[in-house]
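Heads up: the structure comes next, in structure tokens.
What follows draws every value from the coordinates through simple rules; no lab data is involved. Note that the structure is predicted; figures quoted are calculated from it, not measured. Cβ atoms come from the backbone with ideal geometry, glycine included; neighbour counts cover every protein chain shown.
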Amino acid sequence: MEQQKAPLSPDQHRTTTIEQGRFCVARCTCGWRGPARRARSLARSDAAGHAAG
């Protein structure tokens, strides 16, 4: 059975980090994209900052 996702409210952001070669990029469901980082921790910090405000 396929799991259904609840629709996102306009103020709810879901961020992920994606590996691109030696870099890691934070992305959001709203279309936002953070800068490419060599450190995953920095990409996660970018994502957390975006989601917070």
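Some points to look at:
- Database remark: amide H of residue 30 closer than 5 angstrom to the amide H of 14 (H placed geometrically; neighbours at sequence offset of 5 or more, or on other chains; Pro and chain starts carry no H).
- Summing charges over neighbours of residue 23, with a neighbour being any other residue whose Cβ is under 11 Å away from its Cβ, gives +3 when K and R count +1 and D and E count -1.
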